[in-house]
Amino acid sequence: MQTTTKRDLCEKIVGNTNNSQLLVKETIQMFLDKIVHELSQGNRIELRDFGVFEVKQRAARKARNPRTGDEAFVPAKNVVVFKVGKLMKEKVNNTQVVDES
């Protein structure tokens with residue numbers, strides 16, 4: 001399995017467009033910043049065929065330290081969850097991998 005970085009994505013997009021690498025990088029960063037901002041405001045983000053990002057509250061709970069066995073209290077916290085969209089699920093589960101770069 002190979003890791004693709006933001007830089008790799010930028011280079012692939014630059015290769016498919018007539019835009020500069022700087023413009024593509026700034027656009028991707030603005031997009032990611034807006035996602036973080038919207039989620040921090042408690043908003044849900046739905047990207048059709050891609051998926052849905054939303055914030056859910058994880059309840060407070062008792063936990064146990066596996067080394068010592070001591071009980072610890074874990075406070076409630078907000079977590080970002082992602083639900084995969086239909087098209088992405090189909091493409092990821094497809095046995096034939098097609099490079100669309």
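Evaluate region 25-42: report whether one residue or more is touching a helix residue (DSSP H, G or I) at 6+ places or on another chain (Cβ under 7 Å), outside any helix (DSSP H, G or I) and either at pLDDT 95 or above or outside the structural domain of Met88 (by TED's automatic domain parsing) (or both).
no
Kindly list, by first and then second residue, each pair from a residue in region 68-79 that is of a type in the set (Gly, Ala, Ser) to a residue that is surrounded by 10 or more Cβ atoms within 10 Å (Cβ to Cβ), limited to pairs with Cβ atoms under 8 Å and residues at least 6 apart or on different chains.
Close Cβ pairs (under 8 Å, with a partner that is surrounded by 10 or more Cβ atoms within 10 Å (Cβ to Cβ)) amount to Ala72/Ala63; Ala72/Arg64; Ala76/Arg58; Ala76/Ala60.
Could you check, for region 4-25, whether at least one of its residues is among the polar types (S, T, N, Q) and within 14 Å of the chain's Cα centre (by Cα)?
Checked region 4-25: at least one residue is among the polar types (S, T, N, Q) and within 14 Å of the chain's Cα centre (by Cα).
Kindly state which strands (runs of 3 or more DSSP E) lie completely within region 49-101 and contain at least 3 residues that are modelled with pLDDT under 90, surrounded by 10 or more Cβ atoms within 10 Å (Cβ to Cβ) and out of contact with any strand residue (DSSP E or B) (no Cβ under 8 Å at 6 or more places or on another chain).
No strands (runs of 3 or more DSSP E) qualify here.
The values are calculated or read from the model by the stated rules, or taken from the named source; none is laboratory data. Just so we're clear, the structure is a prediction, and the values are computed from it rather than from any experiment. Reconstructed Cβ throughout: ideal geometry from the backbone, glycine too, with neighbour counts over all protein chains shown.
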